[in-house]
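Please read the structure below before turning to the comments.
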Amino acid sequence: MQTINVMDTPVIGVFSTCTEEICLVPHGTRAEVIPQIEKRLGVTVHKCFVNDSTLVGSLCRGNSRGFLVPANSKTSVLEKQIGKPVRNLPGKLNAVGNILLANDTAGLVHPEVPDNIVKFIAETLSIDVMKGTIAGIKTVGMAGCVTNNGLLVSPGVTEEETAVLEKLFGFDPVVGSVNFGSRMVGSGILANTKGYLAGDETSGYELGRISSAFGFP
């Protein structure tokens, strides 16, 4: 099975987020969804809230070195739970999962993020970070989905944006959609180098584009 719902909705990237080892889902996620995620992605699933919200994927972004959460979120409980550093992102643009697209080597961030915050992200996750957009969309964490093996981006990405993404991540971006036509591909995918899951409304053609982007047969 390549498609699921989280919190009874196909926008699984809004409610959950994953790395190579960990997937965070909100409290209230149906019990039967957990083993599907663990089997498909080869991860350990942890239930949590971020900033007392179920919107875990929109509010949190991480990689193999740690996670970033909004400035006013409590970090100690989640840090102890997952065994990874969890840091508060300073500043006003704190829906971290929406404004940051990242893997273990690089990150693209909302173009209005101040330079000192860009530096903070780079140091916390030990990645190279650049400001930019995808198809003119500033919330790059929802306009794209990246693993250590590939990159899927929203339709409408420009040549200039493509050049930045190729230089930053080292992949040729693949254009696709999720959930039967949604351009916000990050809102409908959980992916790492071991596998992926898409929202339950994602079509067979869209699944093919996703598989191509991340190097799966």
Every listed condition ((1) closer than 21 Å to Asn98 by Cβ; (2) open to solvent by 10 Å² or more (accessible area, probe 1.4 Å); (3) of a type outside the set (Gly, Ala, Ser); (4) without any contact (Cβ under 8 Å) to a residue 40 or more places away in the chain) holds for Thr139 save (4)
Of all the residues that make up region 80-89, how many are open to solvent by 60 Å² or more (accessible area, probe 1.4 Å) and either charged (D, E, K, R) or within 15 Å of Asp52 (Cα to Cα) (or both)?
-> 2
Search result, residues across region 35-47 that are surrounded by fewer than 18 Cβ atoms within 10 Å (Cβ to Cβ) and either among the acidic types (Asp, Glu) or in contact (Cβ under 8 Å) with a residue 12 or more places away in the chain (or both) = Gln36, Glu38, Gly42, Thr44, His46, Lys47
If we scan region 174-194, do we find a residue that is of a type outside the set (S, T, N, Q), farther than 26 Å from Leu41 by Cα and either open to solvent by 20 Å² or more (accessible area, probe 1.4 Å) or in contact with a strand residue (DSSP E or B) (Cβ under 7 Å, 6 or more places away or on another chain) (or both)?
-> no
Residues of region 175-217 satisfying the condition of being of a type outside the set (Gly, Ala, Ser), in contact with a helix residue (DSSP H, G or I) (Cβ under 7 Å, 6 or more places away or on another chain) and in a strand (DSSP E or B) | Val178, Ile189, Leu190, Asn192, Tyr196, Leu197
Quick one: is Glu123 out of contact with any Leu (no Cβ under 9 Å at 6 or more places or on another chain), surrounded by fewer than 20 Cβ atoms within 10 Å (Cβ to Cβ), of a type in the set (D, E, K, R) and without any contact (Cβ under 8 Å) to a residue 24 or more places away in the chain?
-> yes
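Test Arg30 against the stated conditions and say whether it is open to solvent by 20 Å² or more (accessible area, probe 1.4 Å), part of a strand (DSSP E or B) and not aromatic (Phe, Trp, Tyr).
No: the conditions fail for Arg30.
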For region 2-25, which residues satisfy the criterion of being in contact (Cβ under 8 Å) with a residue 24 or more places away in the chain and on the phi > 0 side of the Ramachandran plot?
-> Met7
Collect the residues in region 49-67 that are of a type outside the set (A, V, I, L, M) and either surrounded by fewer than 24 Cβ atoms within 10 Å (Cβ to Cβ) or assigned to a strand (DSSP E or B) (or both), keeping them in residue-number order.
-> Phe49, Asn51, Asp52, Ser53, Thr54, Arg61, Gly62, Asn63, Ser64, Arg65, Gly66, Phe67
Under the condition of being in a loop (DSSP other than H, G, I, E, B) and in contact with a Leu (Cβ under 6 Å, 6 or more places away or on another chain), which residue from region 149-174 is farthest from Thr3 (Cα to Cα)?
-> Phe171
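The values are calculated or read from the model by the stated rules, or taken from the named source; none is laboratory data. Quantities reported herein were computed from a predicted structural model and do not represent experimental measurements. FYI the Cβ positions are ideal-geometry reconstructions off the backbone, even for glycines, and counts take in every protein chain you see. Each accessible area value is taken on the protein alone, full model and side chains, heavy atoms only, with ligands, DNA and RNA left out. Shrake-Rupley method; radii C 1.70, N 1.55, O 1.52, S 1.80 Å.
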